[in-house]
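Enquirer: What follows is a structure written as structure tokens; I'll ask about it next.
Please treat every number below as a calculation from the coordinates, not as lab data. These figures come from a predicted structure and were not determined experimentally. Note that we place each Cβ from the backbone using ideal geometry, even for glycine, and neighbour counts take in every protein chain shown.
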Amino acid sequence: MTASLRHSPGARVGASIAVATGLYGMSFGALAVASGLDVWQTCVLSLLLFSGGSQFAFIGVIAGGGSGIAAASAAALLGIRNTVYGMQLNALLHPTGWRRFASAHVTIDESLATSTGQTDPVEQKRGFWVAGLGIFVLWNLFTLVGALAGDALGDPKQWGLDGAAVAAFLALLWPRLRSREAGAIAVACALVTVVAVPFVPAGVPILVAAVVAAAIGWFGSGPRGEGLEPDVEPKREATS
């Protein structure tokens with residue numbers, strides 16, 4: 001089995017993604033502590049939530065002075081996509097028994113991408129598990145390392161880290177804005193957030209922006225998928 005994994009394209013892709021993503025957990029650990037969490041709270045958050053975007057959104061709200069409820073709500077809204085991923089992977093991998101619970105916990109962007117990037121059903125399973133479990137182990141390990149390092153720095157404002165959590169979340173979001181529609185939604189949400197900041201408590205603007213994004217996605221797609229789909233010029237019939 002070890003030899004087959006060594007030569008498995010799905011496992012090799014999953015392992016490389018696990019290393020690259022797991023190392024990023026160090027920045028989360030340091031920024032979480034800089035946002036006001038202690039080392040143990042940071043580690044428990046990574047163990048139980050285990051979703052990079054949701055985790056950075058959580059500490060971003062905390063760093064901005066938002067309440068725990070606002071932070072949890074922001075993280076939950078971003079985590080909804082994992083439910084969609086789970087349905088897709090359940091149909092693809094058909095996990096049974098305890099694997100259903102384990103697979104649900106390690107269903108994230110990277111494990112989904114690794115699995116669906118393979119054409120062979122066996123490689124799909126190998127890619128998913130190697131990426132998912134690999135990232136889980138390394139992300140939590142380096143979260144601890146980053147949290148200990150961040151705790152040793154002391155007051156985050158002395159190092160200019162008080163706004164770093166928000167910057168890290170934006171850096172995580174930026175590569176996903178690959179289409180005009182996604183960019184337009186991001187701009188609309190940013191404008192709504194800026195307008196809402198003076199009028200609502202800290203942490204609430206990001207929830208308002210999330211509701212706006214969901215509304216645009218729901219009503220903009222239309223009954224047949226119009227609106228947010230890429231504009232495609234209709235093909236003209238060739239004329240002689």
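Enquirer: Take the alpha carbon gyration tensor of region 1-136, find the square roots of its eigenvalues, order them as a ≥ b ≥ c, and report rounded if a/c is under 1.5; if not, report prolate when a/b exceeds b/c, else oblate. Spell out each step's value before the answer.
Expert: On the way: a/c = 2.72, a/b = 1.83, b/c = 1.48.
Prolate is the answer for region 1-136, as a/c is 1.5 or above and a/b outweighs b/c.
Enquirer: Further, regarding this structure: Rank these for me by crowding, Thr143, Thr116, going from fewest to most other beta carbons within 10 Å.
Expert: Values: Thr143 28, Thr116 15.
So the ranking, lowest neighbour count to highest, is Thr116, Thr143.
Enquirer: How far, in nm, would the chain grow between His7 and Leu148 when pulled straight, counting 0.36 nm per residue and subtracting the alpha carbon separation?
Expert: Net length gain for the segment: 47.1 nm.
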